[in-house]
Amino acid sequence: MHPAYSIIFFTTLSGAGYGLLFLLSLGFLPADRLLGVASLGLSAAMIVVGLLSSTFHLGHPERAWRALTQWRSSWLSREGCMAIITFAPMAWLAYDWLIHGTFNSIAGTLTAICCVITVYCTAMIYGSVKTVRHWNNGYTPLVYLSFALATGGVAYLFVAFLMGYSYGWMPWHAIVALVIAWVIKAIYWRHVDNGRSISDAGTATGLGYMGKVKLIDPPHSEENYLLKEMGYTIARKHAHKLRGISVVLCFVLPILTAILIGLVQIELLQVLAALVGFASVIAGTLTVRWLYFAEAKHTVTLYYGAERA
Amino acid sequence: MTSLPLTPSAKRLGLVIDLDICVGCQACVVNCKEWNTGGYAAPLSDVNPYGAETDGAWLNRVHALEVGEGKNSRTIHFPKSCLHCDDAPCVTACPTGASYKRQDDGIVLVDESKCIGCGLCAWSCPYGAREMDLAGGVMKKCTLCVDRIYNENIPEAQRQPACVNTCPASARHFGDFNDPDSNVSEMVRERGGYDLMPEMGTRPTNKYLPPRAKQQDKPSCVGSETAASTQVAAQGGFLGWLDDILSMGA
Ligand code: SF4
Ligand code: SF4
Ligand code: SF4
């Protein structure tokens with residue numbers, strides 16, 4: 001599948017934004033106004049930039065509002081609706097936090113629930129696409145949810161330490177979230193590497209009973225939309241290298257910086273380490289998402305010479 | 001509404017494609033493009049049509065396949081357009097309601113005035129039956145020539161999809177699959193018409209007819225020549241006499 005940058009930015013940034021918002025809405029941090037502006041502001045910025053970026057690949061962005069109408073059947077529509085609904089308890093939480101300096105636990109609970117549902121809907125946009133076996137499995141929502149928590153957790157650590165709220169438990173919580181995401185992603189990779197598609201060139205043409213089906217003449221001489229959008233393939237060896245890079249950026253480096261923050265009690269160093277960890281986890285997640293598309297194979301490739309999808 | 005119709009459609013219009021007959025001439029591909037670029041909606045645009053990297057939206061494509069190995073292999077021309085699935089995943093995935101399946105005849109269409117060009121429907125279709133119109137920013141797909149089959153402004157005999165009308169070999173047939181006596185239902189029954197990728201659960205309306213079995217006992221070219229000359233010799237008469245004379249020198 002073609003890795004469209006707008007979608008990669010959207011899932012990475014909005015995932016981190018909802019992860020951070022989820023952690024903020026649990027109410028572990030004091031309802032300090034400045035901290036509220038910085039932390040809620042960072043999460044809102046990531047969510048809004050992500051959502052806007054998702055409209056960039058549309059043929060008609062000006063009609064994007066129409067995507068809110070089909071929530072009964074479409075996960076993309078559900079995601080759009082939930083993203084907008086989430087702004088309501090978030091605004092309520094922000095109002096009490098920023099204006100009254102109090103933490104509203106009802107608004108917090110509602111916000112936390114909405115964040116989980118929204119990220120789940122984002123995941124199911126891909127998870128429901130039956131034609132792509134790399135997406136259409138139970139790991140997809142787990143991966144998206146755990147990545148939102150991990151990237152949000154590192155953002156949480158960064159913004160709290162930046163604003164001078166350096167609690168000793170925070171780096172360890174971030175590490176736990178990172179390890180969970182790492183384990184789930186590793187299981188996901190194992191699953192897709194060992195899996196087989198239920199369709200092959202034989203079932204795609206219905207001619208498998210006659211023997212091996214080969215394409216001898218494609219229907220067009222140049223690449224078309226189908227091949228550009230769904231025939232994107234990445235060489236295996238590049239994929240493995242990129243997986244390695246993404247593991248370092250996503251997990252290894254952020255875990256090391258979090259350990260450093262936990263052990264060293266020098267404030268400036270802690271803030272710098274948290275910033276490095278945050279930048280690294282975002283860059284790593286962008287790589288992971290790029291791979292999530294680039295490695296995914298669509299059944300339409302079966303009509304263009306692929307034996308299995 | 002992008003939910004599928006709750007009750008099955010009264011008619012199930014679609015195509016039968018005969019893989020035994022298709023010769024891969026691409027006439028249906030061209031006539032589909034020709035009709036639909038001047039059809040009821042916006043043109044079916046091309047990008048850089050005369051340049052080096054030509055691209056464009058087409059609703060019907062013919063792939064040439066080789067199936068089997070060695071002397072048992074066969075060349076099969078494989079036309080592919082939207083199958084107007086009963087459980088169309090492209091319809092339920094559409095966030096805007098632009099993609100829909102008609103209650104009356106089961107045709108799957110795109111309302112281009114609602115489409116945002118997100119491409120999710122094309123991802124959901126296992127068959128690659130949808131192509132983005134890059135100039136229009138909207139999704140295009142086979143309409144089953146809905147602007148021909150009910151069109152009272154054209155002669156009745158031509159109220160068929162353009163691809164069916166134009167096929168010089170009669171490899172494409174149009175009809176109602178809900179009517180057990182229709183031409184298409186009969187063909188499917190007699191020839192064992194089948195679904196593409198049934199495991200995807202889309203329940204396509206269009207059916208493919210398999211190539212007929214090869215005639216394995218047909219004598220080879222060399223064999224048949226010998227048989228012919230023996231026959232001539234046995235015939236006697238002038239040809240037999242001539243054959244005898246000529247054979248003597250050999
Ligand atoms: S063939 Fe593809 S585009 Fe046509 S109805 Fe089926 S899933 Fe939808
Ligand atoms: S591209 Fe258009 S028809 Fe397809 S899912 Fe998106 S809005 Fe619906
Ligand atoms: S029915 Fe019409 S739109 Fe569909 S493939 Fe045939 S000519 Fe094209």
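The values are calculated or read from the model by the stated rules, or taken from the named source; none is laboratory data. This structure is a prediction, so every number in the text was calculated from the model and none was measured. All Cβ positions, glycine included, derive from the backbone under ideal geometry; neighbour counts span all protein chains shown. What goes into the accessible areas is simple: the full protein's heavy atoms, side chains included, and nothing from ligands, DNA or RNA. Shrake-Rupley method; radii C 1.70, N 1.55, O 1.52, S 1.80 Å.
Quick rundown of the values:
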| quantity | calculated |
| --- | --- |
| Cα long-axis angle, helix A:236-247 against chain A (0 to 90 degrees, to the nearest 10) | 10 degrees |
| Rounded, prolate or oblate (a/c below 1.5 giving rounded, otherwise prolate when a/b exceeds b/c) for the stretch B:97-191 by Cα gyration tensor | prolate |
| Of all accessible heavy-atom area on the protein assembly as shown, the percent that carbon and sulfur account for (1.4 Å) | 63 percent |
| Estimated FRET transfer efficiency when R0 is 22 angstrom, pair B:Ala42-B:Asn151 (beta carbons, to 0.05) | 0.75 |
| Positive-end residue, the stretch A:5-304 charge dipole about Cα centroid, Cβ charges, pick of A:Ala91, A:Tyr209, A:His191 | A:Tyr209 |
| List A:Ser166, B:Ser73, ordered by accessible area with a 1.4 Å probe, largest first | A:Ser166, B:Ser73 |
| Sequence ranges B:109-117, A:17-25, ranked by mean other-Cβ count within 10 angstrom, highest first | A:17-25, B:109-117 |
| Length added when fully stretched, A:Leu52-A:Asn136, from 0.36 nm per residue minus Cα-Cα | 27.7 nm |
| Value of Rg to Rh for the protein assembly as shown (Rh from inverse mean 1/r over Cα pairs, i.e. Kirkwood) | 1.13 |
| For residues of B:80-91, the mean tally of beta carbons on other chains within 10 Å | 1 |
| Equivalent ellipsoid, the stretch A:250-289 (semi-axes from 5 times Cα gyration tensor eigenvalues, Å) | 21, 9, 4 |
| Label-point gap, in nm, between A:Ala31 and B:Ser3 - each point 7 angstrom along Cα→Cβ | 4.1 nm |
| Vicinal HN-Hα couplings computed from phi for the stretch B:93-102 (Karplus, 6.51 cos²θ - 1.76 cosθ + 1.60; Hz; Gly/Pro x) | 6, 5, x, 9, x, 5, 8, 8, 10, 6 |
| Size of the A/B contact, given as accessible area buried on both chains, probe 1.4 Å, in Å² | 4600 Å² |
| For A:234-247, mean number of other protein chain Cβ atoms within 10 Å | 0 |
| Heavy-atom surface of the protein assembly as shown, accessible at 1.4 Å and reported per residue (Å²) | 44 Å² |
| Above-threshold pairs, the threshold being 26 Å between Cα atoms, out of A:Lys212/B:Lys11; A:Lys212/A:Lys297; A:Lys130/A:Lys185; A:Lys130/B:Lys71 | A:Lys212/B:Lys11; A:Lys130/B:Lys71 |
| Separation of alpha-carbon centers, the stretch A:16-83 and the stretch A:285-309, rounded to whole Å | 27 Å |
| Nearest-ten-degree value, helix A:267-294 long axis tilted from longest Cα axis of chain A | 20 degrees |
| 13 Å beta-carbon shell around A:Ala160, net charge (K/R +1, D/E -1) | -2 |
| Assigned charges on the beta-carbon of Lys, Arg, Asp, Glu; the stretch B:99-210 dipole about Cα centre (debye) | 320 debye |
| Surrounding net charge for B:Leu65, when Lys and Arg each add one and Asp and Glu each subtract one, Cβ distance under 14 Å | -1 |
| Calculated from backbone phi, Karplus (6.51, -1.76, 1.60) coupling profile of the stretch A:159-167 in Hz, x at Gly/Pro | 5, 5, 5, 4, 8, x, 9, 9, 8 |
| Minimum 20 Å² accessible area buried by the other protein chains, the stretch A:181-201 residues, probe 1.4 Å, relative to alone | A:Ile198, A:Ser199 |
| Residues whose placed amide H lies under 5 Å from that of B:Asp55, excluding near-sequence neighbours | B:Val47 |
| Relative compactness, the stretch B:13-209, computed as alpha-carbon Rg over 2.2 N^0.38 Å | 1.02 |
| Under the Karplus curve 6.51 cos²θ - 1.76 cosθ + 1.60, θ = phi - 60°, whole-Hz ³J(HN,Hα) for the stretch A:79-88, x wherever Gly or Pro sits | 4, x, 5, 5, 4, 6, 4, 4, 4, 5 |
| Between the stretch B:74-145 and the stretch A:196-233, the alpha-carbon center distance in angstrom | 18 Å |
| Peptide-level mean, for B:199-211, of C-beta atoms on other protein chains within 10 Å | 2 |
| 5 angstrom amide H check on B:Gly14, placed H, neighbours 5+ away | B:Gly175, B:Phe177 |
| Trypsin sites (Lys or Arg not before Pro) within the stretch B:124-191, DSSP loop, no more than 16 other Cβ atoms inside 10 Å | B:Arg159 |
| Accessible area, probe 1.4 Å, largest first, for residues A:Ile125, A:Ile106 | A:Ile106, A:Ile125 |
| Mean ellipticity per residue at 222 nm, deg cm²/dmol - from DSSP H runs of n ≥ 4 across chain A, formula -39500 (n - 2.57) | -21500 deg cm²/dmol |
| Value in Å of the Kirkwood radius, where the stretch B:29-104 supplies the Cα pairs that are averaged | 15.8 Å |
| Folded to 0 to 90 degrees: helix A:33-54 orientation relative to chain A principal axis, Cα | 10 degrees |
| Sequence-distant residues sharing a close amide H with A:Glu222 (under 5 Å, placed H) | none |
| Calculated SAXS-style log₁₀ I(q)/I(0) at q = 0.07, 0.10, 0.12, 0.15 Å⁻¹ - the stretch A:5-304, Debye, Cα scatterers | -0.31, -0.60, -0.82, -1.18 |
| Total charge dipole magnitude, the stretch A:15-128, about the Cα centre, Cβ charges on Lys, Arg, Asp, Glu only, Debye to nearest 20 | 280 debye |
| Charged-residue dipole, Cβ positions (Lys, Arg, Asp, Glu), the protein assembly as shown about Cα centre, Debye nearest 20 | 1260 debye |
